[in-house]
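See structure below.
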Amino acid sequence: QVQLVESGGGLVQPGESLRLSCAASGIIFSIYAMGWYRQAPGKQRELVATITSGGRTNYAGSVKGRFTISRDNAKKTVYLQMNRLKPEDTAVYYCNAAKSAYEAYWGQGTQVTVSS
């Protein structure tokens, strides 16, 4: 059974930081590209950041310079460090693992709320 389990979400004030984690099981983690996506109420799910099996990263323009995606293949875990959070970052954040367009998996999501 493939599982992606997100953790680290919560309620924070604007300007504060959170680190999300996504622990994978049931896949050969090192050959998968990993990503973080988010979905706010009434909006489409959107790309936040991705990291390839080789460590190349890509970020949405709205988070570039504030968020950092990283991976630890030994721990089969991908992280999203989120700094200087804004209310617009409020969403459910989902972990994604993709070996190809034909084999991809999603986590259950973790809620991030940024509010004063």
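So in the stretch 81-103, with the set limited to residues that are modelled with pLDDT under 95 and part of a strand (DSSP E or B), which one is nearest to the chain's Cα centre (by Cα)?
From the stretch 81-103, those modelled with pLDDT under 95 are 99-103; that's our starting set.
Adding the requirement that they be part of a strand (DSSP E or B) leaves 99-100, 103.
Values: 99: 16, 100: 18, 103: 18 Å.
Checking each candidate, the answer is 99.
Which pairs have Cβ atoms under 7 Å, sit 6 or more apart or on different chains, and link a residue in the stretch 34-50 that is closer than 19 Å to residue 100 by Cβ to one that is part of a loop (DSSP other than H, G, I, E, B) and open to solvent by 90 Å² or more (accessible area, probe 1.4 Å)?
Correct list of pairs: 37/45.
Restricting to the stretch 81-99, and then to whatever is of a type in the set (S, T, N, Q) and open to solvent by 50 Å² or more (accessible area, probe 1.4 Å), can you tell me which residue is farthest from residue 27 (Cα to Cα)?
In the first step, residues of the stretch 81-99 are kept if they are of a type in the set (S, T, N, Q); the result is 81, 83, 90, 96.
Within this subset, residues satisfying the condition of being open to solvent by 50 Å² or more (accessible area, probe 1.4 Å) are 81, 83.
Working: 81: 23, 83: 30 Å.
Filtering first and then ranking leaves 83.
What number of residues within the stretch 54-89 satisfy the criterion of being under 18 Å from residue 107 (Cβ atoms) and hydroxyl-bearing (Ser, Thr, Tyr)?
The number of residues fulfilling the criteria is 3.
Looking at the stretch 3-16, which of its residues are out of contact with any Pro (no Cβ under 9 Å at 6 or more places or on another chain), surrounded by 12 or more Cβ atoms within 10 Å (Cβ to Cβ) and in a loop (DSSP other than H, G, I, E, B)?
8, 9, 16
Anything in the stretch 27-80 that is open to solvent by 60 Å² or more (accessible area, probe 1.4 Å), among the hydroxyl-bearing types (Ser, Thr, Tyr) and outside any strand (DSSP E or B)? List them, or say none.
53, 62
The values are calculated or read from the model by the stated rules, or taken from the named source; none is laboratory data. Not measured: the values here are computed from a predicted model. Neighbour counts are summed over all protein chains in view; Cβ atoms, including those assigned to glycine, are modelled from backbone coordinates with ideal geometry. Side chains included, ligands, DNA and RNA excluded: accessible areas come from the protein's heavy atoms. Shrake-Rupley method; radii C 1.70, N 1.55, O 1.52, S 1.80 Å.
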